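Trainee: This structure is in structure tokens; I'll ask about it shortly.
The values are calculated or read from the model by the stated rules, or taken from the named source; none is laboratory data. It should be emphasised that the depicted structure is a prediction, and the values quoted were computed from it without experimental measurement. Here Cβ is always computed from backbone atoms with ideal geometry, including for glycine, and neighbour counts include all displayed protein chains.
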């Protein structure tokens, strides 16, 4: 089956990726916004849609966000009495008929649950490495393309 969506435990990923928003509290709107900005770049490079789940009944608790949820990079906050883990499990179950999902979390029990539901799972560190590698490859491709275009333009002149 094809990978249909990446399900990200937002705060789990933020806690692992300290270099992402240095000096910002992990629960701050600034840290969340930076994470979503990078995940949007990752989506643009891979084409795989993502849903980012945050614990918290409202983004207002930890500060408002500048980022808007889209179909490609969906941003969800758990309601009172609900956790991001529960939302990830429900999403993994609901997407199962359409293909595999990848759950990104450092919660081992959560990863096991998603795998048992037919999905894939990744630790946050492995996913960070995948993002960094993908974005570096994309930058190299862009540099190579620009170099080719520049050389072709210079030959025509």
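Trainee: Could you grab me the full set of residues in segment 44-57 that are in a loop (DSSP other than H, G, I, E, B) and in contact with a helix residue (DSSP H, G or I) (Cβ under 6 Å, 6 or more places away or on another chain)?
Mentor: Listed by number, the list holds a single entry, 55.
Trainee: Only residues in segment 127-156 that are farther than 26 Å from residue 50 by Cβ count as the first member; pair them with residues that are surrounded by 10 or more Cβ atoms within 10 Å (Cβ to Cβ) and modelled with pLDDT under 90, Cβ under 8 angstrom, at least 6 apart or cross-chain, and list the lot.
Mentor: Final answer for the pair search is none.
Every residue, every condition in (1) exposed (fewer than 14 other Cβ atoms within 10 Å of the Cβ); (2) modelled with pLDDT of 95 or more; (3) within 12 Å of the chain's Cα centre (by Cα), yes or no:
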| position | (1), (2), (3) |
| --- | --- |
| 92 | no, yes, no |
| 96 | no, no, no |
| 102 | no, yes, yes |
| 112 | yes, yes, no |
| 124 | no, yes, yes |
| 130 | no, yes, yes |
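Trainee: In segment 1-32, which residues are within 18 Å of residue 92 (Cβ to Cβ) and surrounded by fewer than 17 Cβ atoms within 10 Å (Cβ to Cβ)?
Mentor: If the condition is that a residue be within 18 Å of residue 92 (Cβ to Cβ) and surrounded by fewer than 17 Cβ atoms within 10 Å (Cβ to Cβ), then 1, 2, 3, 4 are the ones that fit.
Trainee: Which residues, counting only those in segment 13-32, are assigned to a helix (DSSP H, G or I) and modelled with pLDDT under 95?
Mentor: Of the residues in segment 13-32, the ones assigned to a helix (DSSP H, G or I) are 13-16, 29-32.
Once the filter is applied, which keeps residues that are assigned to a helix (DSSP H, G or I) and modelled with pLDDT under 95, segment 13-32 yields 14, 15, 16, 29, 30, 31, 32.
Trainee: Ok, one more. Identify, by number, the condition in (1) touching a helix residue (DSSP H, G or I) at 6+ places or on another chain (Cβ under 7 Å); (2) surrounded by fewer than 19 Cβ atoms within 10 Å (Cβ to Cβ); (3) outside any strand (DSSP E or B); (4) in contact (Cβ under 8 Å) with a residue 12 or more places away in the chain that residue 35 doesn't meet.
Mentor: So the condition that residue 35 fails would be (2).
Trainee: Kindly establish whether residue 41 is closer than 19 Å to residue 124 by Cα, in a helix (DSSP H, G or I), touching a helix residue (DSSP H, G or I) at 6+ places or on another chain (Cβ under 8 Å) and modelled with pLDDT of 90 or more. Give the derivation first.
Mentor: Details: closer than 19 Å to residue 124 by Cα: yes; in a helix (DSSP H, G or I): yes; touching a helix residue (DSSP H, G or I) at 6+ places or on another chain (Cβ under 8 Å): yes; modelled with pLDDT of 90 or more: yes.
Judged against the criteria, residue 41 is a match.
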